[in-house]
Amino acid sequence: MPRRYFGTDGVRGVVGEDLTADLVERLGRAATLWSGRGRIFVGRDTRASGVELEEALARGIASAGGNAVVAGVLPTPAVALLTLDLGCVITASHNPPEYNGVKFFDRDGQKLTDEQEEEIEALLDEAPTGGGDIDEVGVATDSYLEHVLERFGSDLAGLRVGVDCANGAYSGLAPKAFEQLGASVTTIGNDPDGSNINVACGATDLRALQELVKRERLELGVAFDGDGDRMLAVDANGGIVDGDQIVALLALHLQVSSVSVTPMTNLGFHELMSQHGIETHVTDEVGDRYVLESIRATGGKLGGEQSGHIIYLDGHVTGDGLVAALLLCRALEGRALADAAAVMSRHPQVKENVRVRSKTLPASLLAEVARHNQELGGRGRVLVRASGTEPVVRVLAEARDAAEAASLCASIAGLVRRELG
């Protein structure tokens, strides 16, 4: 049975339209029944809608005989680490403030599979049984921070770093982590008001961080998304260091034998890994949970996405923006970020998100993409995929020449617009 509500990363939508308190309550009830009516750990990001939806989820959990352990604002990776019989976070991650969503983690802190999500959806119409309860906890943030600093921290004395918290779940928390490790911290995106999460800040919009780093002459900047499972960086010149480069730096520093990445990953990354004898595994689908599945299936420890999902499973269970930032600082070993990142050459990539009425890709479009890829013969590529979280089709063109990449992207995006727009 195909999933109706779950996408590539949980259930997500515009609050009051695609995502309602009633649906979230039903999800809480269904997930509780599916997991055996145990204890379910609940966190949320800083969206104004989060309070109402958190209450709805907790009601649903209790209505099915479960125990909702409600922790309030907490980054998604913290929920994964602190999960009980099930973990749940109310968040729409990098999406704008009008969105929200629900992500689940099993008792081991792993994201649910497609099949498990289908099983939860099959229970959405089950009637309440009652018998559950709701508890609130207030020390979850401290427990998470202690684990992260102990396991992944290093001496950052003297490091001048800009931290953009995206007005999200890392507000207050990430700057504190850097300060406790001795860094000199300048912070932006650190004043959430419920309506400014991911707005002109964070990993989805690095302009404010770039300006801050250059203006204050900082050594680097790091930016998270609203729920903290993404991280991107900015060097001292304001240059963006993306997830491909960060994973590459960590792979060399940590001396891993393999990495897992997605089809979006730059060809320059693959060339660098090949030069160093590091095996690269590419997922079929785009999304951090598919990277996670690949890492576990291949016995690896490291993987990630260009968008900033960085996953290191030695001492963790999922991707974590703060952990990625701390590991990146450690991997610099005294070098400037721009110098360290230069180890990987990036092939020109041009992307476009095309808003569409339907996300079903027609055979004629796929045939045209296949024709272009055959003509490119490995010196570039075209990738077209439907977003799992928004009504858009994403087009990526990559070539050794920037003009060719731009031309390819424009051509395919125009075809998508004609076919599906």
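Loop-located trypsin sites (Lys or Arg not before Pro) across the range 211-305 with a Cβ neighbour count of 14 or fewer within 10 Å are R217, with loop assigned by DSSP. Our summary gives the range 191-270 a relative contact order of 20 percent, counting only alpha carbon pairs under 8 angstrom and 6 or more residues apart.
Note on the range 323-421: with neighbouring protein chains present and a 1.4 Å probe, carbon and sulfur make up 50 percent of its accessible heavy-atom surface. On the range 219-320, 44 percent of the accessible area sits on carbon and sulfur atoms, based on a 1.4 Å probe. Average accessible surface for the chain: 39 Å² per residue, computed with a 1.4 Å probe over protein heavy atoms with every protein chain in place. Packing, taken as the mean count of other beta carbons within 10 Å per residue, orders the peptides 254-262, 16-24 from highest to lowest as 254-262, 16-24. As a rough guide to protection, the peptides 273-286, 91-104 ranked by mean Cβ packing within 10 Å, highest first, stand as 91-104, 273-286.
Computed about its Cα centre, the charge dipole of the range 49-184 is approximately 700 debye, with only Lys, Arg, Asp and Glu carrying charge at their Cβ. Taking 7 Å steps out from each Cα toward its Cβ at V343 and T280 produces label points 1.5 nm apart.
Considering only alpha-carbon pairs that sit under 8 angstrom and 6 or more positions apart, the relative contact order computed for the chain is 13 percent. Overall shape: prolate for the range 118-224, with the ratio a/c of the largest to smallest alpha carbon gyration tensor axis at 1.5 or above and a/b above b/c. Comparing V222, V15, V291 in a Gaussian network model of the chain where C-alpha atoms under 10 Å apart are linked, the largest mean-square fluctuation is found at V15. 3J(HN,Hα) along the range 43-53: x, 7, 8, 9, 5, 4, 6, x, 5, 5, 6 Hz, from the Karplus curve 6.51 cos²θ - 1.76 cosθ + 1.60 with θ = phi - 60°, whole Hz, x for Gly and Pro. Per-residue 3J(HN,Hα) values for the range 283-292, derived from phi via the Karplus relation 6.51 cos²θ - 1.76 cosθ + 1.60 with θ = phi - 60°, read 6, 6, 10, 8, x, 5, 6, 6, 5, 4 Hz in sequence order (x marks Gly and Pro). In this structure the amide hydrogen of M231, modeled in the peptide plane, comes within under 5 Å of the amide hydrogens of H309, I310, none closer than 5 places in sequence on its chain. Rounded to whole numbers, the Karplus 3J(HN,Hα) couplings from phi for the range 119-132 are 5, 5, 4, 5, 9, 5, 9, 5, 6, x, 10, x, x, x Hz, using 6.51 cos²θ - 1.76 cosθ + 1.60 with θ = phi - 60°, and x at Gly and Pro.
Taking the alpha-carbon centroid of each part, what is the distance from the range 207-269 to the range 70-115 in angstrom? The distance from the Cα centre of the range 207-269 to that of the range 70-115 comes to 23 Å.
Roughly how many debye, to the nearest 20, is the charge dipole of the chain about its Cα centre, given +1 on each Lys and Arg Cβ, -1 on each Asp and Glu Cβ, and no other charges?
It works out to roughly 940 debye.
Between D155 and A403, residue separation times 0.36 nm minus the direct Cα-Cα distance comes to 84.9 nm.
The values are calculated or read from the model by the stated rules, or taken from the named source; none is laboratory data. Remember, predicted model here, so these are calculated numbers, not experimental data. Because the Cβ atoms are built from the backbone with ideal geometry, glycine has one as well, and the counts that use them run over all protein chains shown. Accessible surface is based on the protein model in full, side chains and every heavy atom, while ligands, DNA and RNA are left aside. Shrake-Rupley method; radii C 1.70, N 1.55, O 1.52, S 1.80 Å.
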